[in-house]
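Visitor: For reference, the structure I am asking about is given below.
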Amino acid sequence: MTVARINKAGSRKSTITRRSFALGLGLTALSYPAVAQIKFGFGGSSNNDSGGGFNLNLNKLLSSVENLFESFSLSEEDEIKIGETLYPKLIDKSGGAYANRRIQGDMDRFAAPLMATSGRDNLSWEITVINDNRVNAWALPGGKLAVNKGLLRYVNDESELAAVICHEIGHVEMSHGLKHLKSEKFTSGLTDAASAALTAEVSSMGEQILTDKLIEKLEGPIHQLVTSGYSRDSEREADAHILTVFEKTGHDPAKAANLFKVLLEITPEETEETTSLYSNHPDTRERIAAIEEQAAGRTASSATPPADGFKDLKRSFPTRRKFRRKA
């Protein structure tokens, strides 16, 4: 895999107070009731514990369940750490990287100008073609993107593939991953086993909140999140970001919703499963209408749309005959 952009700035440490850390553990009071009291060693001394650290009676922390990360001051550094830690794991979990360096290089060349529009200079953007025939793409916090090879057989022109990548860039650009971690929906979506595992890991943490082990415990829930789609508002924001990037790169706004129309054709109406690109929250038809409404009256800029690498990709993954359209 080729890194499309280089981290140009130094990192920042995230900080958290004892109070916010304690509040962030509210989830454990109900999801892991067997743990009634946990000791956290932050150094120094405590009136309640002569050996350093302090004790938390989880059953008395809160009367209702709070999200595990709601009170945590997660930073861009944490986003980057999540992405770098989980990216290779989620690639493997999704089918593995497509074993062709030329194809990976073609995708790098095509996506680089789109990722270069980002205002987040600290991120090291990467994109990988996944050996998966399902029509999907996903993004991890920290600028780590993936496109399934199955999707490449349905994109008809540069703008359609660009729309997919720009949508995923939008999720990263607006930190949707971190926002979801801090949401009630994330907590409610955890299985009992996942809640227990996260709780056990949190109970062993010291000063460092987002440890490698904790991130590894998040692998399953985050994989489910990025491949099945974010919240209604987040998906709308990512859709709108397509047009933001199109304006900067010269792609035709009128083509921004085309691939979503293809997804309607190839996905049975009774399908309940959602992906990052096809969903019922909002319904795909609503998403198409919203994109087209925002695109109305906009014209492509005078810039030449980046196309480097696209023809090479299509030689390996020609568009299925039924979905070939004139550009």
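Visitor: Just one of (1) at pLDDT 95 or above; (2) within 29 Å of residue 74 (Cα to Cα); (3) touching a strand residue (DSSP E or B) at 6+ places or on another chain (Cβ under 6 Å) trips up residue 149, so point out which.
Guide: (2)
Visitor: If I filter the stretch 77-101 down to residues being part of a loop (DSSP other than H, G, I, E, B) and within 14 Å of residue 138 (Cβ to Cβ), which single residue comes out as farthest from the chain's Cα centre (by Cα)?
Guide: The qualifying residue farthest from the chain's Cα centre (by Cα) is 95.
Visitor: Got a sec? Which of 121, 78, 108 is buried (at least 17 other Cβ atoms within 10 Å of the Cβ) and under 17 Å from residue 169 (Cα atoms)?
Guide: 108
Visitor: Checking residue 222 against (1) exposed (fewer than 15 other Cβ atoms within 10 Å of the Cβ); (2) at pLDDT below 85, which single condition isn't satisfied?
Guide: (1)
Visitor: List the residue pairs whose Cβ atoms are under 6 Å apart, where the first residue sits in the stretch 82-111 and is under 13 Å from residue 309 (Cβ atoms), the second is hydroxyl-bearing (Ser, Thr, Tyr), and the two are 6 or more positions apart or on different chains.
Guide: Cβ pairs passing all conditions: 103/316; 108/2.
The values are calculated or read from the model by the stated rules, or taken from the named source; none is laboratory data. It should be emphasised that the depicted structure is a prediction, and the values quoted were computed from it without experimental measurement. Neighbour counts are summed over all protein chains in view; Cβ atoms, including those assigned to glycine, are modelled from backbone coordinates with ideal geometry.
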